[in-house]
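Novice: Supplied in structure tokens, the structure appears directly below.
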Amino acid sequence: MALSLLYPLLLATFLFMQTLADTSFVQSRAAFYPNSQENGTDVGACEFGSFGATVNGGDVSAASNLYRNGVGCGACYQVRCSNSALCSDNGVTVVITDSGSGHNTDFILSQRAFGRMALNTDAAAPLLALGVLDIQYRRVSCSYPNKNITVKIHESSNNPHYSAFVIWFQQGSRDITAVQLCETQNFVCKLLDRSHGAVWTTTAPPSGPLTLRMLFSPEEEGEETWVVPVNNIPQDWKAGQTYDLGVQVDQ
């Protein structure tokens, strides 16, 4: 008798918890780049270049409101479609590398990412044929095993007069809201501008070897946090070069 009463209680608890879990998802719509290759685009608004097309295995996306004037660049989202006959429960995790919208969508996925929402490989083609899907999405933590946060010096940079760069391999689920460039010897720092997309810029940058300070948005009920990498940017930094900063942020 006790077991017969316990089973419905456990089932009700499970369904209630499942409902709570599903509430973290937001209802929306998604399309995909119709003229793109399987991966994303290397001319995305975030200015990631070829990295923006191939990061995360090419599972990338343009975003409309979630682009947030460039603050959303590099953020990760779990996206799953709602057609139970064609769509998997887990969907796909994508990285925001571009800005764009259409058909009342929040996401324009790479063709690869759109197909990876399918239940199986046989379902991918009919899913792509639909073009636009009802979806659910939520912000999730980015993960780049064995990768550190890396600075890519933008091609427009001109040492020592003008510095512009983007930040690659940002793990976790927090935003970088401010960046300072500091001289390593006297720690004189200069606050940079987010000029567009993920590009941080300054005229007359500090001289000598440089260290970066990044301000991360707070976790739930937390505070903003400054992170200072282990490795410096060398004095003779050059446009087009990448520099491994030797640090990773997991939250």
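Novice: I want to check the label-to-label distance for Asn120 and Gln27. Put each point 7 Å from Cα in the C-beta direction and report it in nm to one decimal.
Specialist: 3.0
Novice: Multiply the residue gap between Glu38 and Thr225 by 0.36 nm, knock off their C-alpha separation, and tell me the result in nm, one decimal place. Let's see the in-between values first.
Specialist: Numbers: separation 187, 0.36 × 187 = 67.32 nm, distance 3.70 nm.
Here the segment from Glu38 to Thr225 would lengthen by 63.6 nm.
Novice: Set Lys and Arg Cβ to +1 and Asp and Glu Cβ to -1, take the dipole of region 26-139 about its Cα centre, and tell me which of Gly115, Ser88, Gly44 lies farthest positive.
Specialist: Comparing the listed Cα positions along the dipole, Ser88 ranks first.
Novice: Right, next: 222 nm [θ] for the chain, helices only, -39500 (n - 2.57) per DSSP H run of 4+, per residue, to 500?
Specialist: On the way: 4 runs with 40 residues, N = 251.
Computed ellipticity for the chain at 222 nm equals -4500 deg cm²/dmol.
Novice: Quick check: at a probe of 1.4 Å, how many percent of the accessible area of the chain sits on carbon and sulfur atoms?
Specialist: Working: 6550 of 12850 Å².
Carbon with sulfur: 51 percent of the solvent-accessible area.
Novice: While we're on this one: Can you tell me which of 156-163, 120-127 comes out highest on packing, and rank the rest after it, using the mean Cβ neighbours within 10 Å? Display every interim value, and only then the final one.
Specialist: Numbers: 156-163: 15.2, 120-127: 13.1.
The packing order, highest mean first, is 156-163, 120-127.
Novice: Let me ask you something else. First select every other residue whose beta carbon is under 14 angstrom from the beta carbon of Ser110; then total the charges, Lys and Arg +1, Asp and Glu -1.
Specialist: -2
Novice: For Asp250, project a label point 7 Å along Cα to C-beta. Then give me every residue of region 129-162 with its amide nitrogen under 16 Å of that point.
Specialist: Once the point is set 7 Å along Cα→Cβ of Asp250, 141-149 turn out to lie under 16 Å by backbone N, inside region 129-162.
Novice: Find how many whole Å separate the alpha carbon centroid of region 43-106 from the alpha carbon centroid of region 177-243.
Specialist: Cα centroid to Cα centroid, the span is 26 Å.
Novice: So, one more: Could you give the angle, 0 to 90 degrees to the nearest 10, between helix 121-130's Cα long axis and the longest principal axis of the Cα atoms of the chain?
Specialist: 80
Novice: Moving on to the next point. About its Cα centre, what dipole magnitude does the chain give when the only charges are +1 on Lys and Arg Cβ and -1 on Asp and Glu Cβ, stated in debye to the nearest 20? Don't jump to the answer; show the numbers that get you there.
Specialist: Details: 14 positive and 22 negative charges, 34 e Å.
My answer is approximately 160 debye.
Novice: Next question. Please find the FRET efficiency linking Glu155 to Ser88, where r is the Cβ-Cβ separation and R0 is fixed at 51 Å, and quote it to the nearest 0.05. Show your work: numbers first, answer last.
Specialist: On the way: r = 39 Å, r/R0 = 0.77.
My answer for the efficiency is 0.85.
Novice: When ligands, DNA and RNA are left out and all protein chains stay put, how many square angstrom of accessible area per residue does the chain have with a 1.4 Å probe? Each step should come with its number before you reach the end.
Specialist: On the way: 12850 Å² over 251 residues.
Ligands and nucleic acids excluded, the result is 51 Å² per residue.
Novice: Straight-line reach from Lys238: which lysines fall under 21 Å, measuring Cα to Cα and dropping same-chain residues less than 8 apart?
Specialist: Filter leaves Lys152, Lys190.
Novice: Now for a separate question. Straight-line reach from Lys147: which aspartates and glutamates have a Cα under 19 Å away, not including same-chain ones fewer than 8 places off?
Specialist: Here the aspartates and glutamates satisfying the reach criterion relative to Lys147 are Asp59, Asp175, Asp244, Asp250.
Novice: Quick one: if the Förster radius is 45 Å, what FRET efficiency do Asn65 and Thr184 give, using the C-beta to C-beta distance and rounding to 0.05? List each step's numbers first, then the result.
Specialist: Details: r = 39 Å, r/R0 = 0.86.
After rounding to 0.05, the efficiency reads 0.70.
The values are calculated or read from the model by the stated rules, or taken from the named source; none is laboratory data. Note that the structure is predicted; figures quoted are calculated from it, not measured. Reconstructed Cβ throughout: ideal geometry from the backbone, glycine too, with neighbour counts over all protein chains shown. For accessibility, only protein heavy atoms count, side chains too; no ligands or nucleic acids. Shrake-Rupley method; radii C 1.70, N 1.55, O 1.52, S 1.80 Å.
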